[in-house]
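Working notes, beginning with the structure itself.
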Amino acid sequence: MILRAAEQPYDGAALLAFLVRRMVPGVEEYVDGVYRRSLPSGEILELRPHPEGMEASHDVSTMLDLDAPVAEIAGRLGPLYPPGMRVPGCVDGDELAVRAVLGQQITVQAARTHAGRLVQAAGEPLAQPSGAVTHRFPTLAAIAEAPDAVFAMPASRRATLRSLVGQPLDRLSDLRGVGPWTQTYVNMRALGDRDAWLPTDIGVRHGLAARGPADPERWRPFRAYAVIALWASLP
C-alpha cells in the first residue's frame, strides 16, 4: 500500500468507521484494522489509516476526501466539527446510487441486507476472492435484468432501481421514486458536493435536536461535513 497524504488533521479511522458500518456482504470486509472491498475492475482495494493520511492499495483519492480545506470547515462549523473528519466518497457513482435508493426510509442494517441479496443474485464473482470479499457490486444493467424475486422490497422501489440505467447522477431526481434525500446523498458522496445538506434525514434531525438551537445556513458552503458530524454524534 502507498501512503496518500492528506491535509491535516485527518481522521482516517472515522472515515473507515463510516464505511464499515455500511459494508455490503460479499463486497466489503474489515479485518485487523484494514478495510477491503472489490472494485468495478475486479481488483481489491485495501485501506488502512495512517497519521498522515491513508495507506491505500489504489488511487481512490476522491473516496478519501484528502484535500478538504479543514481550517475553513472548522471555522464555519466550530465545535460541531470533530478535528479531521471527512466526507467519505465512493469508488463508483452507479453503485452509490443503488445503495442510496436501497437506503430510503429504512435502517442502515436493512439496506446492507438488501444490497447483499443483490450482490449474491446479480454481482459477478471475483476471479480471485479474498476472505469475505467474493463479488463485484452488480452493474446497473445486471440489476435491471435481475428477476423480481431478488428484490425483497416494494414494486415501486424495484422499478426505481431498474430505472437508474443510463441516468446521469446529477439528474436522478428526474426519476420516479428518487426524492431530494436520495439526490442530495448521491451529490454528497459521489459528486463531491461539500455543501450537500439533508434537513429531513432522521439522523440529522436527532443530532440537531441533541445540540440545541443551530443555524445550518451559517455552515455554508460545508454543510456536508455537518451531516457527517451529526450522524457521528448519535449513540
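Condition check ((1) surrounded by fewer than 18 Cβ atoms within 10 Å (Cβ to Cβ); (2) aliphatic (A, V, I, L, M); (3) in a loop (DSSP other than H, G, I, E, B)) across all residues:
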| site | (1), (2), (3) |
| --- | --- |
| Glu55 | yes, no, no |
| His58 | yes, no, yes |
| Asp67 | yes, no, yes |
| Val91 | no, yes, yes |
| Val98 | no, yes, no |
| Arg112 | no, no, no |
When you look at Gly26, is it at pLDDT 95 or above, crowded, with 16+ Cβ neighbours inside 10 Å and within 27 Å of Asp195 (Cβ to Cβ), yes or no? no
Are any of the residues in segment 190-197 part of a loop (DSSP other than H, G, I, E, B), without any contact (Cβ under 8 Å) to a residue 12 or more places away in the chain and at positive phi? no
Looking at segment 169-202 only, could you name the residues that are within 13 Å of the chain's Cα centre (by Cα) and of a type in the set (Val, Ile, Thr)? Thr182, Thr184, Val186
What's the number of the condition Arg157 fails, among (1) within 15 Å of Val98 (Cβ to Cβ); (2) open to solvent by less than 70 Å² (accessible area, probe 1.4 Å); (3) modelled with pLDDT of 90 or more? (3)
For the list (1) in contact (Cβ under 8 Å) with a residue 60 or more places away in the chain; (2) open to solvent by less than 30 Å² (accessible area, probe 1.4 Å); (3) over 18 Å from Leu66 (Cβ atoms), I need the number of the one condition that Val34 fails. (1)
Val178: passes all of (1) touching a His at 6+ places or on another chain (Cβ under 6 Å); (2) hydrophobic (A, V, I, L, M, F, W, C); (3) farther than 30 Å from Glu46 by Cα but (1)
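The values are calculated or read from the model by the stated rules, or taken from the named source; none is laboratory data. Here the structure is a predicted model, which means the values were calculated and not measured. Every residue, glycine as well, gets a Cβ built from its backbone with ideal geometry; the counts of neighbours run over all protein chains shown. Just so you know, the surface numbers come from the protein's heavy atoms only, side chains and all, with ligands and any DNA or RNA stripped out. Shrake-Rupley method; radii C 1.70, N 1.55, O 1.52, S 1.80 Å.
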